[in-house]
1. Given the alpha-carbon gyration tensor of the chain, what are the semi-axes of its equivalent ellipsoid in whole angstrom, ordered largest first, with each equal to the square root of 5 times an eigenvalue?
2. What full-extension length gain, to one decimal in nm, is calculated for T333 and H271 as 0.36 nm per residue of separation minus the Cα-Cα distance?
3. What relative contact order, as a whole-number percentage, does the range 127-214 give when Cα pairs under 8 Å and 6 or more residues apart are counted?
4. What do you get when you divide the Cα radius of gyration of the range 3-63 by 2.2 N^0.38 Å, with N the number of residues?
5. What do you get for trypsin sites (Lys or Arg not before Pro) in the range 104-174 restricted to DSSP loop and a cutoff of at most 13 other Cβ within 10 Å of the site's Cβ?
6. Any idea what the relative contact order of the chain is, in percent, if you count C-alpha pairs under 8 Å spaced at least 6 apart?
7. List the GluC sites (Glu not before Pro) in the range 318-410 that DSSP assigns to loop (not H, G, I, E or B) and whose Cβ has at most 16 other Cβ atoms within 10 Å. Which are they?
8. Net charge around A238, counting only other residues with Cβ within less than 10 Å of its Cβ (Lys, Arg = +1; Asp, Glu = -1)?
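Bear in mind that the values in this text are calculations on the coordinates, not laboratory data. Given the structure is predicted, the values throughout are model-derived calculations rather than measurements. For neighbour counting, all protein chains shown are included, and Cβ atoms are generated from backbone atoms with ideal geometry for every residue, glycine included.
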Amino acid sequence: MTREDLLKMDEAQLRRRYEELKREIHYHNYRYYVLNAPVISDYEYDRLMQELRWIEELHPEWVTPDSPTQRVGAPPAEGFRKVRHPVPVLSLANAFSDEDVRAWFRRLVRLDPRVENADFTVEPKIDGLSVVLHYREGQFVLGATRGDGLEGEDVTANLRTVKQLPLRIPVDPNGPPPPRYLVVRGEVYITKEDFRRLNEALAARGERTYLNPRNTAAGSLRQLDPRVTAERPLRLWAYQILTGEGDLPRTQWETLQYLRALGFPVFDADHCPDLDCVLQAYRKWLQRRDELPYECDGVVIKINDLALQQSLGVVGKDPRGMLAYKFPAREVTTKLLDIRVNVGRTGKITPYAILEPVEIGGAIIRKATLHNFEYIREKDIRIGDRVYVKRSGDVIPYIVGPVKEARTGEEIPYEPPTHCPVCGEPLYHDPDEVDWYCVNAACPAQLARRIEYFASRTAMDIPGLGRKIAEQLVEARLVEDVADLYYLTRDDLLKLEGFAEKKAENLLAGIAASRNRPLRRLLTGLSIKGVGPTIAALLEQHYPDLDALAQATREELEALEGIGPVIARSIVDWFSRPRHRRLLEKLKKAGVWPRAVQAATQAQPLAGLTFVITGTLKTMTREQAKAFIEAHGGRVASSVSRKTNYLVVGANPGSKLQKARQLGIPTIDERTLYEMAGETPPAELTEGDADRPAAGRADPDSPKQPTLPLG
């Protein structure tokens, strides 16, 4: 159809043609990029796209995020917004042998005898970046990285540029109707061939090339400028439904077929009736490893029955009903130039190898772990040896052992240190453990590491406070523990090299903002041995604050699913130490004392209140807002009625706002919701305070206004 033909149409006809074009182009993208079976020529496709652009030029107000023209990339972003996942996005436990897999199966049978007769799926473990995709009424509305499994980064604009990702489902008009709400987990990756071509193009332009497809995919997806992402050959596999509404598949095998029917790219997988079939499937994938068009470091074994899989629960951050069976790691040899040690944030002394640089699986390896001093002794690893180096799971390089036949007699046996290489204090060794520790609480190395970790995005998320500044603070004796960060002044920072007014102000602002982080973040940042983000989130569900956790016994902690005797002992031991009790007092005095949102219902500020949400909120998705309200004791309804207490109004509200006005229901904005819940609103909601109406007056036409709880 020509431009002249379009100009002759009335607005209703043109709108129908516009929607028809979008559906048609989505379908042809699906056939080209997912099925690899186009039914029209490139010329015909280009004409359809040209027609779509003509209409959007005439009516730019019609352009929606799911338009095929929007894949080219949005303007650069200033940073990535944090996204709270609707359910935990878990990782996987690993197996490295058939016996590991059989032992996993035996454990599950002991836990639930039904596993004895379970069937399985075996899926390739793609070496890419895990993403979480949200669909509302069939439209792609939000995409996030996995992050720490609880929170990720909003990379929606970048994901829109991935041509295999359906912007609207179902892609095929004959596909099944989509649920109102669906959250899908997938993997973004780059094929080996696309990676080769990308590097050739970069080299031809004189630009820096990349070492491996996985890191290239991850870096491309996290570009602040989506137009850069659009230029990268990113692809997608979908393989899991995290949550959704309606009648969803009940098995993993049905899930893969359902996702394929909706238009998602889905990899080939095996459906196995028993464990012997699973192991045969693993060997088939291992044999095909080098023939696959993408990097694959193993297979994922899943119990097919999703209800049974879920009932088996989680250990730490790993679901029991799934297992990654890794392929043998790549192995090379190189020269061991030296052995050095790191002092970790818990005081653990870890030896590592300095290597003659060598390439393994596309990465240049210069350092590798040596595990512990006992490992060096048992393997008889010497400085100057030629050594075997592996990348465990194709990720972490480590020394397998020496090539003794290559020795010349000049190799030097290694003598472990007896004193901390940083503070000089004697090292401590527990006879029941293999590791050695520096137990000097004032050791500058571990203090700097603890501060760096405390400020990391995984923990308290203090921008700009990295290793270099942490070391400066320790060296200048401005901090003796992490609590001292909250007592730093502008004058303190200006004494440090590289600090001017602006840098000092920014760091102090970041430290001040971290006071409002949730309890799980603070728990993570305290460097309690064994307590990472997953365990911290579990503890937050059962203890309202650090005072309550400090009173917990080992027996209480061990009763929580996911916490074993080692972690329970570690937690109790940490809270029993006088220096840690002093640290907690300093944190409390500094106002860093978050309370878990799972506090008792009768004490929750939103208890007994019913909310309805309309429009787009600035700092939360609809699902996150629902979880926030429920965590503070409130209830969220889908429609406005006389039983509604408040309507939370975001940008571009729908018909619910009009109905609330008709019924006299009070309306509030997002900031007021935070205040009613007793939470400090995020910074982006506090800008322009002078122009903001009083709390609870987001809608001046509302005849009733909320009364905020005191305190």
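1. 44, 37, 27
2. Additional length available on full extension: 18.5 nm.
3. 34 percent
4. Cα-based Rg divided by the globular estimate yields 1.19.
5. Passing sites in the range 104-174 do not exist.
6. In percent, rounded to a whole number, it is 9.
7. Those that pass, being in a loop and sparsely packed, are E410.
8. With Lys, Arg at +1 and Asp, Glu at -1, the net is +1.
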